[in-house]
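Down below is the structure, laid out as structure tokens.
We did not get these values from a lab; they are worked out from the coordinates using the rules stated. What you are looking at is a predicted structure, and each value in this text was computed from that prediction instead of being measured. FYI the Cβ positions are ideal-geometry reconstructions off the backbone, even for glycines, and counts take in every protein chain you see.
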Amino acid sequence: MYFGAVKADPQKYMLGSILGMLPNIVISTIMCDNMSKPTSPAFFVSVVLFVLISIIAIIWYIKYIKREDKH
């Protein structure tokens, strides 16, 4: 309902949603595929990337909130 209320472009919304979720989907797939081998490089790299993306998202959100508070 929100999507229609703000008159968002469906193609841009879908593209943004897919591009936004794709990195975590790929990383989660690799991580889960190597879960039985937690010492493997693929598992370690996927965990590090997952944590790194989460930290970047938190930092971006904090900056966004601070910018919105100034307006």
Difference of contour (0.36 nm per residue) and Cα-Cα distance, LYS70 to CYS32
9.5 nm
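Subtract the Cα-Cα distance of ASN24 and ASP9 from 0.36 nm times their separation in residues, and report this length gain in nm to one decimal.
3.0 nm
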Three-way shape call for the stretch 19-71 based on the alpha-carbon gyration tensor, with the a/c threshold at 1.5:
prolate
Estimated 222 nm signal from helices in the chain, with DSSP H stretches of n ≥ 4 weighted -39500 (n - 2.57), rounded to 500
-28000 deg cm²/dmol
Over what distance in Å are the Cα centres of the stretch 28-56 and the stretch 6-24 separated?
25
With charges only on Cβ, +1 for K and R and -1 for D and E, what is the dipole size of the chain about its Cα centre, in debye, rounded to 20?
220
Once Lys and Arg are counted +1 and Asp and Glu -1 for all other residues with Cβ under 15 Å from that of VAL45, the total becomes 0
In degrees, nearest ten, helix 41-70 long axis to first principal axis of the chain (Cα)
20
